[in-house]
2 protein chains.
Amino acid sequence: MNEDTTKSEAKREEFAGRLSDFAYEALRDQLARGAFKPGTKLPIRTVAEVHSVGSTPAREAINRLVVEGALVMAGPKTVIVPFLTLEALYEITQMRLALEGLASARGCRTVTDVTISKLLFLQDKISLSLDEKRYADALYDNKEFHFTIYRLCAMPHLLAVIENLWLRVGSSFHDLYPEFAEQRYGVHNHMMAIEALVERDADSLRAAVENDIRDGFRRLKKAALLRYPGGAIPGS
Amino acid sequence: MNEDTTKSEAKREEFAGRLSDFAYEALRDQLARGAFKPGTKLPIRTVAEVHSVGSTPAREAINRLVVEGALVMAGPKTVIVPFLTLEALYEITQMRLALEGLASARGCRTVTDVTISKLLFLQDKISLSLDEKRYADALYDNKEFHFTIYRLCAMPHLLAVIENLWLRVGSSFHDLYPEFAEQRYGVHNHMMAIEALVERDADSLRAAVENDIRDGFRRLKKAALLRYPGGAIPGS
DNA sequence: CGTTGATATTTGTTACAACAAAAATCACAA
DNA sequence: TTGTGATTTTTGTTGTAACAAATATCAACG
């Protein structure tokens, strides 16, 4: 655990539902935001105390994230935030290309004007966030942009798998925002995607989405190599 | 639970490792084999008793399978073996086409003669099993055939996701063996795949694998519709 | 200064019990 | 027979404690 994990007893008290879900969502959001440095250990009792839940819900939340691949076991009794090797990042990127390409191509024909308006609105927000160097906001709306497209295909199981892939790479963004986002990443690809949607051109849409994913991979790779000059990011 | 779940205290006693893992593997193998009828309820205490473990490991095993999508929640307190709707089956098939196509195309160039021999051997076993109507054995070796190809690409994360997709459709095979396997399903596609590997032709290999997946989907659909004439298999 | 080995601490695992909520049962009425 | 409502049973959730195993600590030694 690290400095970012402040006791959130207040939030927990107003949370309706299972404590396991509360702990899971709290941890997952932190991971997606890159709040943890790769390698950070997450012991049950610490997670339990930080989020003001018993050890059973804490254990359950951690286990779930391990099953989803968002956390990994570094020993028989140690769960850590994963270091993503370049190989692993590449694999996940290949899966993203295949599945997000599929989702966007499938959804293209069902697009409506309100969706296109929403995408334009989101793209404006992203640009503004980048201008003001609010990288976390930009990343959040970037995700919303993508999933607004993917939701068009109405394939919930596919969506769930894609969401899982995003979660897995999320933890790699720790402290990489500036380098990652510096060059207005994605703006051009996003506009291409919107144009493809306007024209109901599934092939163009898929191409734009794939370009965006490849672009993101290159940028993330570059930013990571800048921080871990050894070559590959160690671990897995 | 049903007739197939006999107390397996003996196996549990000789099992080294966490009881959660023991319970998980036991349940998962039953699911993959289609041992449960869709809709079967799996209460914690029952699973615990059947596999001779406490309720904590049983709960953990069930939760893990729910996260993996192999079991689903039918109510706030009820976990069941999922009914697979035609829509869900179609979605998973689309993902399989994308990911297993990716894996086979990537692995094609690294194939060796020993792998090809293994595939020929497996295909012989499959044919023999079908001759003798040992459908479960045929299905087992069919899986081994596919994953022998997929392992060639050396992408463990991709493999894990594919394995998960197989697990999710596994439970739909309950009592469908005869209809599903009757027409020597897959023989031709498998031979095409082997020939493509011999020629190191990635495109042909991908095509053969995709054909096999589509064929399986059609057969499963036909067999399921035969049993649930209403149209779609209800639930999710 | 680095290694090794023993000791102390931390940590995951599991069983269990109490509680609240959901699901099943059953009787009764339409 | 069917729907409905109350009652009984089942079931998931959570906290806790005991245990064993792994990890961290630290001192002695090369």
| Rounded accessible area of residue B:59 (nearest 10 Å², 1.4 Å probe) | 80
| field | aspartates and glutamates with Cα under 16 Å of residue A:11, excluding same-chain neighbours fewer than 8 positions away | value | A:21, A:25, A:29, A:49
| remark: For residue B:9, inter-copy label-point distances (7 Å, Cα→Cβ), nm, shortest first, read 4.6
| Difference of contour (0.36 nm per residue) and Cα-Cα distance, residue B:221 to residue B:74 | 50.6 nm
| field | Gaussian network model of chain A, Cα within-10 Å springs - most flexible of A:85, A:56, A:40 | value | A:56
| task | Kindly express, to the nearest 10 degrees and within the range 0 to 90, the angle between helix B:156-170's C-alpha long axis and the longest C-alpha principal axis of chain B. | result | 60
| remark: Probe 1.4 Å, heavy atoms of protein chains only: per residue, the accessible area of chain B in Å² is 48
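If eta is 1.002 mPa s and T is 20 °C, what Stokes-Einstein diffusion coefficient results for region B:9-80, Kirkwood Rh from Cα pairs, in µm²/s? Display every interim value, and only then the final one.
Working: Rh = 12.2 Å.
Roughly 176 µm²/s, to the nearest whole number.
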| field | Label-point separation, residue A:187 to residue B:199 (7 Å along Cα→Cβ), nm | value | 4.9
| Computed accessible area, residue A:64, all protein chains, 1.4 angstrom probe, square angstrom | 80
| field | Alpha-carbon centroids, region A:34-109 and region B:124-169: separation in whole Å | value | 27
| chain B: relative contact order in percent, alpha carbon pairs under 8 Å with at least 6 residues between | 26
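For chains B and A, what's the summed buried accessible area, probe 1.4 Å, to the nearest 100 square angstrom?
2200
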| Which links in B:41/B:222; B:37/B:77; A:37/A:222 stretch past 24 Å when you go from one Cα to the other? | B:41/B:222
| request: Enter the angle in degrees (range 0 to 90, nearest 10) between the Cα long axis of helix A:135-150 and the first principal axis of the Cα atoms of chain A, meaning the one along which they spread out most. | output: 60
| query | Put A:145, A:217 in order of accessible area, largest first, 1.4 Å probe: what do you get? | reply | A:217, A:145
| Distance histogram in 5 Å bins (all Cα pairs of region B:1-134, percent per bin) | 2, 9, 14, 16, 13, 13, 15, 12, 6, 1, 0
| task | Convert 37 °C to kelvin, take the viscosity as 0.692 mPa s, use the Kirkwood radius over C-alpha pairs of chain B as Rh, and evaluate the Stokes-Einstein diffusion coefficient in µm²/s, rounded to a whole number. | result | 175
| In degrees, nearest ten, helix B:19-32 long axis to first principal axis of chain B (Cα) | 60
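Determine the calculated [θ] at 222 nm for the protein assembly as shown from helices alone, applying -39500 (n - 2.57) to every DSSP H run no shorter than 4 residues and normalising by the residue count; nearest 500 deg cm²/dmol. Let's see the in-between values first.
Working: 22 runs with 308 residues, N = 472.
It lands at -21000 deg cm²/dmol.
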| said: Give the lysines reachable from residue A:118 as a straight Cα distance under 20 Å; neighbours fewer than 8 places away on the same chain don't count. | reply: A:143
| query | Among A:140, B:150, B:90, what's the order by accessible area (1.4 angstrom probe), most exposed first? | reply | A:140, B:90, B:150
| Sparse-neighbourhood loop sites, GluC sites (Glu not before Pro) in region B:85-168 - DSSP loop, at most 13 other Cβ within 10 angstrom | B:132
| Inter-copy label distances at residue A:132, 7 Å along the Cα→beta-carbon direction, one decimal in nm, shortest first? | 7.2
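What average count of beta carbons from other chains do you get within 10 Å of the Cβ of residues in A:150-160? Before the final figure, lay out each step's value.
On the way: counts 0, 0, 0, 2, 2, 7, 4, 12, 5, 1, 2.
Counting other chains' Cβ atoms within 10 Å and averaging over A:150-160 gives 3.
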| query | In nm, what does the list of distances from residue B:221 to its counterparts in the other copies look like, shortest first, when each label sits 7 Å along Cα to Cβ? | reply | 3.8
| field | Cleavage-rule hits (GluC sites (Glu not before Pro)) in region B:13-56: DSSP loop, at most 13 neighbouring Cβ within 10 angstrom | value | B:14
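The values are calculated or read from the model by the stated rules, or taken from the named source; none is laboratory data. This is a predicted model, so every value here is computed, not measured. With ideal geometry, Cβ positions are generated from the backbone for all residues, glycine too; neighbour counts draw on all protein chains shown. Calculation scope for accessible area: heavy atoms of the full protein, side chains included, ligands and nucleic acids excluded. Shrake-Rupley method; radii C 1.70, N 1.55, O 1.52, S 1.80 Å.
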